[in-house]
Every structure is written in structure tokens, then in C-alpha cells.
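Colleague: The structure that follows is given in the form of C-alpha cells.
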């Protein structure tokens with residue numbers, strides 16, 4: 001049996017469950033979808049644990065492994081934060097995104113990667129786990145921002161359309177989005193710091209103007225600006241939602257675009 005496919009099916013079924021919750025507004029679909037993501041995450045964790053035990057390396061040595069690992073982190077973050085926020089409908093964004101990422105990993109060749117000793121380093125493990133956790137939070141901030149813009153549109157046209165009764169209040173969406181950005185930015189900062197330490201150990205310098213480093217810095221600055229303007233200038237609502245979406249787009253380019261379009265130290269971690 002292909003257990004990777006079982007994991008994807010759990011996430012896909014959860015996406016269907018959240019779609020059912022969106023259209024029918026029955027809590028049984030919400031609870032069932034959450035349980036399916038949990039089941040997929042548990043199996044996903046076991047598979048990653050076995051991979052790590054067999055190789056001794058964190059499974060992030062090519063694009064297939066990166067996508068598979070990111071899907072796991074996103075599922076874990078969603079499961080951790082979902083009971084603590086009141087945005088039940090966020091699963092409509094999170095579950096399909098998790099499914100898309102893991103499905104992309106499934107169809108991406110798992111090309112053999114050279115076992116380099118530095119890839120098993122402590123600081124690399126901390127760097128990857130922390131920065132992916134931050135990116136997962138920022139992905140959920142993007143989803144919350146999209147929901148905010150949809151609900152804001154509903155209120156502006158003064159028509160109780162399909163999404164109006166199905167989405168939380170603007171205040172709740174804004175608060176949840178801020179929480180995701182604050183936590184994600186903190187983790188992203190810690191991830192960059194541990195990345196600097198790892199780079200110094202492996203390449204002898206903290207910063208080399210590698211394209212991945214540059215775009216990571218740009219992404220960090222976008223979220224730093226968002227938090228600064230929110231705390232100092234009182235940015236909330238639409239501005240914060242739009243900037244959270246822009247930041248996520250920059251983050252996607254940092255992960256995928258940079259590695260395929262530009263040459264640098266990090267290419268070996270994400271190419272086939």
C-alpha cells in the first residue's frame with residue numbers, strides 16, 4: 001500500500017468536509033474534516049519519522065521532500081491553532097492548500113540526493129523546522145486576509161450574499177490574521193538567525209548575498225513593515241489583509257521562483 005497516497009486522501013477528504021461545512025453549515029462536517037486532517041497528520045508524521053530514522057537526515061534534500069515536509073508542517077500548525085481561534089471556516093483555505101502541496105510532492109520525482117554530512121547538522125534542522133513553521137503561520141495569515149477581503153466586500157455592497165453568514169466578523173478575522181502574522185514573523189526571524197549560524201558553520205560567513213537570502217530578507221521586511229505600521233500607525237483591516245497576501249506571494253517566490261530562476265547555495269535543497 002502506498003501510505004503517502006493515503007495521507008493525501010485524508011487531506012483531500014478533509015477538504016471535501018470543509019466544503020460541506022461551508023455550504024451546509026453543519027458542524028459535523030467541521031468536526032469530521034478536522035479529524036481527517038489529524039489522521040492524515042499522524043500517518044504523515046510516522047512516514048517522516050521512518051524516513052529520518054532510515055537516512056539520518058532531515059527529509060528536505062530535494063523538491064519532493066521539501067514539499068512533503070512543508071505539507072506536514074502546515075497540517076501540524078493548523079491542527080495546533082485551530083482549537084485556539086474561532087475561525088472555523090479557515091479550514092476551507094488550509095485543507096485544500098495542504099492537499100495541493102502534498103499532491104505536488106507526490107507527483108514530483110524523489111530524486112536521489114547526495115548524503116552530505118552538513119545536512120544532518122543541528123542548526124540546519126532547527127533552521128528548517130522553525131522557518132517552515134513560520135511560513136505555515138504566514139500562509140494561514142494569507143488565508144485569513146482573503147476571507148477578510150471577501151467579507152468586507154459583502155458588507156460594502158450591503159447584500160447578505162452566500163459568504164456573509166458563513167464568514168466570521170471583520171474584527172475576528174483581523175485579530176486572527178494579526179496573531180498569525182505575529183507568530184509567523186517571530187518564527188521567520190528565528191529561522192533566519194539560525195540560518196545565519198548554519199551558513200557560518202558550513203560556508204564560513206553569515207551572509208553571502210545568495211538570492212535565497214536576499215529574497216528571504218525582502219519577505220522579512222514586508223512582514224516587519226506590516227507589524228510596524230499596525231503597532232505604530234494603527235493599520236488594521238483591509239491594509240493589513242492586503243499586505244499579508246503580498247507577503248505570502250513574496251514568500252512563495254522565495255521558495256519556488258528563486259530556486260528555479262536564480263542560482264545559489266539553496267538550489268540543491270529544492271531542485272529535482
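The values are calculated or read from the model by the stated rules, or taken from the named source; none is laboratory data. All values derive from a computational prediction rather than experimental measurement. Heads up, the Cβs are rebuilt from the backbone with ideal geometry, glycines too, and the neighbour counts pull from every protein chain shown.
Colleague: Considering each residue of the stretch 225-242, count those that are in contact (Cβ under 8 Å) with a residue 60 or more places away in the chain and part of a helix (DSSP H, G or I), and give that number.
Modeller: 4
Colleague: So residue 65 passes all but one of these: (1) over 17 Å from the mean Cα position of the chain (by Cα); (2) crowded, with 18+ Cβ neighbours inside 10 Å; (3) within 27 Å of residue 183 (Cα to Cα). Which condition number does it fail?
Modeller: Residue 65 satisfies every listed condition except (1).
Colleague: Taking residue 110 and the conditions (1) over 27 Å from residue 183 (Cα atoms); (2) free of Cβ contacts under 8 Å to residues at least 60 places away in the same chain; (3) part of a helix (DSSP H, G or I), which numbered condition does it fall short on, given that it satisfies the others?
Modeller: That leaves (3) as the condition not met.
Results for (1) within 30 Å of residue 123 (Cβ to Cβ); (2) touching a helix residue (DSSP H, G or I) at 6+ places or on another chain (Cβ under 8 Å), shown as yes or no for each residue.
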| residue | (1), (2) |
| --- | --- |
| 28 | no, no |
| 36 | no, yes |
| 43 | yes, yes |
| 48 | yes, yes |
| 74 | yes, yes |
| 78 | yes, yes |
| 83 | no, no |
| 96 | no, yes |
| 99 | no, yes |
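Colleague: Can you tell me which residue within the stretch 10-37, out of those that are surrounded by fewer than 16 Cβ atoms within 10 Å (Cβ to Cβ) and in a helix (DSSP H, G or I), is nearest to the chain's Cα centre (by Cα)?
Modeller: Selected residue: 35.
Colleague: As an exercise: evaluate residue 168 against (1) surrounded by fewer than 17 Cβ atoms within 10 Å (Cβ to Cβ); (2) part of a loop (DSSP other than H, G, I, E, B); (3) modelled with pLDDT of 80 or more and give the number of the one condition it does not meet.
Modeller: With respect to (1) surrounded by fewer than 17 Cβ atoms within 10 Å (Cβ to Cβ); (2) part of a loop (DSSP other than H, G, I, E, B); (3) modelled with pLDDT of 80 or more, residue 168 is out only on (1).
Colleague: Then there's this: State whether one or more residues within the stretch 218-241 are surrounded by 14 or more Cβ atoms within 10 Å (Cβ to Cβ), modelled with pLDDT of 75 or more and under 19 Å from residue 60 (Cβ atoms).
Modeller: So far as the stretch 218-241 goes, yes, one or more of its residues are surrounded by 14 or more Cβ atoms within 10 Å (Cβ to Cβ), modelled with pLDDT of 75 or more and under 19 Å from residue 60 (Cβ atoms).
Colleague: Applying the selection to the stretch 76-92, what residues are crowded, with 20+ Cβ neighbours inside 10 Å and within 12 Å of the chain's Cα centre (by Cα)?
Modeller: 77, 78
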